[in-house]
1. Across segment 196-252, what fraction of all alpha-carbon pairs, as a whole percent, falls in each successive 5 Å bin from zero upward?
2. Treating only the Cβ of Lys, Arg, Asp and Glu as charged (+1, +1, -1, -1), what charge dipole size does the chain show about its Cα centre? Round to the nearest 20 debye.
3. Per residue, how big is the convex hull of segment 112-252 when only Cα atoms are used? Give it in Å³.
4. Ignoring ligands, DNA and RNA, what percent of the accessible area of the chain is carbon or sulfur (1.4 Å)?
5. Using only DSSP helix segments of four residues or longer, with each worth -39500 (n - 2.57), what per-residue ellipticity at 222 nm results for the chain after dividing by its residue count and rounding to 500?
6. Identify the residues of segment 78-95 with backbone N under 17 Å of a label point that sits 7 angstrom from the Cα of Ser10 along the Cα-to-Cβ direction, or state none.
7. Label-point separation (nm) for Asp100 and Lys82, each offset 7 Å from Cα along Cα-to-Cβ?
8. When the C-alpha atoms of segment 95-157 are aligned to their principal axes, what extent does each axis show, in angstrom, from largest down?
Amino acid sequence: MIITKVSVTSVAQLKNHIFLLKCNSSRLSSEFKAGQFANIKVSDSSFPLLRRPFSICDIDQDNICFMFTVHGEGTKNLSDKKQGDLIDVIAPLGKGFGIDEDFDHAIIIAGGIGVAPFPLLTKRLAGKKVTTFLGGRSTNDIVTYGLENMKIATDDGSMGVKGNVVDLFATHLDELRDEKMKVFACGPTPMLRVLQQLLLRENINGEISTECAMACGFGICQGCPVENSHDETKYLLVCKDGPVFNVKDVVL
Ligand SMILES: Cc1cc2nc3c(=O)[nH]c(=O)nc-3n(C[C@H](O)[C@H](O)[C@H](O)COP(=O)(O)OP(=O)(O)OC[C@H]3O[C@@H](n4cnc5c(N)ncnc54)[C@H](O)[C@@H]3O)c2cc1C
Ligand code: FES
């Protein structure tokens with residue numbers, strides 16, 4: 001874990017409210033695992049006080065990339081950054097996706113901005129078969145940067161099939177079932193909850209990247225608990241034990 005200042009290389013608007021921020025990462029290691037995150041100081045002033053967590057989206061030559069949706073003050077500040085601005089980051093944080101297991105087919109399932117960790121995962125999965133299921137409310141939420149072999153669902157049907165991404169994945173289960181697959185998922189908690197039920201019911205190996213509000217980002221403040229499914233008296237920390245968990249290990 002390093003605390004450092006990185007300089008902004010570019011800020012690109014991918015969709016109305018979705019941005020890709022590239023920063024020079026020569027002061028950071030490039031050995032990040034897909035699914036790890038950075039805790040970013042989004043403003044030079046004391047407001048917002050807390051850093052904001054963002055998945056490491058991609059490592060592109062000397063750049064570390066973050067993809068984000070503008071929600072509030074913090075992400076608005078990030079979207080206003082200019083080339084050469086310095087940003088204070090703590091990275092890499094958390095545990096990433098496990099890619100060393102025995103599987104032939106990686107199934108990526110992303111809802112909305114949950115797509116953010118998957119360009120780097122796709123790079124790290126080079127040589128494996130990858131299918132990516134992407135979902136969003138409408139075409140405005142669908143970003144395909146750095147992804148491969150996509151199947152798309154939107155709530156309003158403006159892109160891909162009409163419906164949600166977990167249902168889309170379920171319609172492909174019969175053809176996927178014979179393969180040694182592993183699911184990698186990230187998205188809003190309600191989507192992950194439904195997916196978790198499906199994976200557990202069908203006994204499919206999978207990992208999910210969970211989201212919650214964070215403060216320190218590395219296990220000190222105890223502010224990001226998630227229930228441990230093996231022992232309801234114990235909790236796990238999203239920042240330190242996650243954000244990526246085996247689908248069997250957490251109660252969403
Ligand atoms: C491990 C981890 C990785 C993350 N990676 C990314 C990423 O790669 N890209 C990204 O865009 N976001 C990511 N997030 C979420 C991101 O941290 C929040 O969107 C960000 O903190 C919002 O900050 P803000 O100051 O703009 O909004 P705030 O002022 O904190 O919130 C503004 C409003 O938006 C709502 N809001 C905040 N976050 C979300 C959310 N995630 N979904 C829906 N509503 C929300 C709040 O409830 C509030 O109403 C990640 C979160 C975690 C825990
Ligand atoms: S954010 Fe502080 S312990 Fe997780």
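The values are calculated or read from the model by the stated rules, or taken from the named source; none is laboratory data. In this text the structure is predicted, and so the values were computed from the model without any measurement. Note that each Cβ is placed from the backbone with ideal geometry, even for glycine, and that neighbours are counted across all protein chains shown. SASA here: full protein model, heavy atoms, side chains in, ligands and nucleic acids out. Shrake-Rupley method; radii C 1.70, N 1.55, O 1.52, S 1.80 Å.
1. Calculated over all Cα pairs of segment 196-252, the distribution is 4, 21, 28, 22, 15, 6, 3, 0 percent.
2. The calculated dipole for the chain is roughly 580 debye.
3. 117
4. Within the chain, the accessible surface is 49 percent carbon and sulfur.
5. Per the formula, -4000 deg cm²/dmol.
6. Residues passing the 17 Å test: 79-85.
7. Result for the modelled spin labels: 4.6 nm.
8. Principal-axis extents of segment 95-157 (Cα, largest first): 37, 22, 15 Å.
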